[in-house]
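Here is the structure we will look at, set down as structure tokens.
We did not get these values from a lab; they are worked out from the coordinates using the rules stated. These figures come from a predicted structure and were not determined experimentally. Positions of Cβ are backbone-derived with ideal geometry, glycine not excepted, and every protein chain shown enters the neighbour counts.
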Amino acid sequence: MVVLCVSAGCATRAPHPVVFSFALMGDQQYNPYEEAVFPQLLDAISAEPVDFVVHVGDFKSGSHAPCTDKLYLRRRQEFDQSRHAFIFTPGDNDWVDCRRDSNGHADPLERLARMREIFFSDSRSLGREPIALLRQSHVFAGDPVLSRYRENALWRHHGLVLATFNIQGSNDNLGHDAASDAEHAERTRANIAWLKFAAAEAAREGMVGLAIFLQANPGFEESAAKVSRSGFAEFLRAFEIEAKALGKPVMFAHGDTHQFRIDRPYLNPLDKKALANATRVETYGSPFVNWVRITVDPHNLAQPFKIESGEFAPAVKSD
């Protein structure tokens, strides 16, 4: 079982450098075939010597998939079948796009609130061997706004700081109506505060670097002009500032556009310039049923991240 230290004082002690691996996944279970194969995928990862699993959201299709409590509870039960600790951050299909008529025309903010109750009710991960997580709601307990974001989590493992962020596809819920625009502005403030906290933790003596996880592809394949007008621009500017100031290796991991991709170095979507100490990785997504193995070597202070396909082969092929 993974043993983690999440209190502020623990991070001041230099961790013992141990090479470890974890699984990255997301954007699965979009259709009946993927639903049927998902338990095989989870079993395959459970059989691997990884320390934990990170799911970057979108556990259903964005359309014609109602956002019901029944589905949320089923996904929680499925994720809890993971042998390894399972850290989940929500995707736009899971709450932002619930407003679509084909998804039941639900209120996205009410659905996000319900997800917080079902998936993020305590300070532990999901999975059969859950690990302790430090939630933004705990760190900023005295702030009436920042304390709402209990889906944003942080943990430390063998010198690496890892953190999840509620940042979504569908332009991060911006541009739908006044209420959604206000929600986006507040959540962006919360995400940037969480990023600064995570970067400060990674800057501590003995820490190797930082890995962040979110659903959205914030525009790596889009034009810089388009990204600068998007709902991601403010966070991207903050990320570049924090990554540069940190100086240590940083990994930016996401889903959303369903292609396994690695950019080394990270290319800032706002100006397409390289950020030398950062790496971008996107996980597989529907219709590709697979996962990504990330191995972290704390001894390699220049580039600790080795990223490769999980090479999952389903027992039953799609038609």
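What full-extension length gain, to one decimal in nm, is calculated for Q303 and S147 as 0.36 nm per residue of separation minus the Cα-Cα distance? Don't skip to the answer; put the middle values down first.
Numbers: separation 156, 0.36 × 156 = 56.16 nm, distance 3.40 nm.
Here the segment from Q303 to S147 would lengthen by 52.8 nm.
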Exercise for review: Counting other beta carbons within 10 Å of each Cβ, put Y33, Y284 in order, fewest first.
Suggested key: Y33, Y284
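Can you pick out the pairs among K226/K248; K60/K248; K196/K272; K272/K306; K196/K273; K70/K306 whose Cα atoms lie more than 31 Å from each other?
Checking Cα-Cα distances, K60/K248; K70/K306 exceed 31 Å.
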Review point. Toward the positive end of the charge dipole of the range 20-309, about the Cα centre and with charges on Cβ (Lys, Arg +1; Asp, Glu -1), which of N217, N277, H176 goes farthest?
Key: N277
Study note, to complete from the structure: Ranked from fewest to most other Cβ atoms within 10 Å of their own Cβ, D297, D94 fall in the order D297, D94
Point to revise | Cut-off 10 Å between beta-carbons: net charge of the residues surrounding T283, Lys and Arg +1, Asp and Glu -1 | key: -2
Point to revise | Under 14 Å, Cβ to Cβ, from A106 - net charge with Lys/Arg +1 and Asp/Glu -1 | key: -1
Practice item. Taking every pair of alpha-carbon atoms in the chain, give the share separated by more than 33 Å as a whole percent. Key: 18 percent
Revision key, fill the gap. Here the relative contact order (percent) of the range 20-309, from C-alpha pairs under 8 Å and at least 6 apart, is 19 percent
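DSSP loop (so not H, G, I, E, B), at most 14 other Cβ within 10 Å: list which GluC sites (Glu not before Pro) in the range 233-319 pass both filters. Each step should come with its number before you reach the end.
Details: sites: E234, E240, E242, E282, E308, E311; in loops: E311.
Sparse-neighbourhood loop GluC sites (Glu not before Pro): E311.
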Point to revise | Among beta bridges that DSSP assigns inside the range 20-309, antiparallel share in %, nearest 5 | key: 50 percent
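What ranking of E151, E110 emerges when the number of other C-beta atoms within 10 Å of each C-beta is taken as an exposure proxy, fewest first? Kindly include the intermediate steps, with their values, before the conclusion.
On the way: E151 23, E110 12.
Lowest to highest Cβ neighbour count: E110, E151.
Counting only complete DSSP H runs, which helices of the chain cover 30 Å or more along their long axis at the Cα atoms and score a mean Kyte-Doolittle of -1.0 or above? Display every interim value, and only then the final one.
On the way: long enough: 178-202 (36 Å, -0.28).
Helices passing the filter in the chain: 178-202.
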Review point. Put +1 on the Cβ of every Lys and Arg and -1 on every Asp and Glu Cβ in the range 20-309; which of F165, P304, H254 then has its Cα farthest towards the positive end of the dipole?
Key: P304
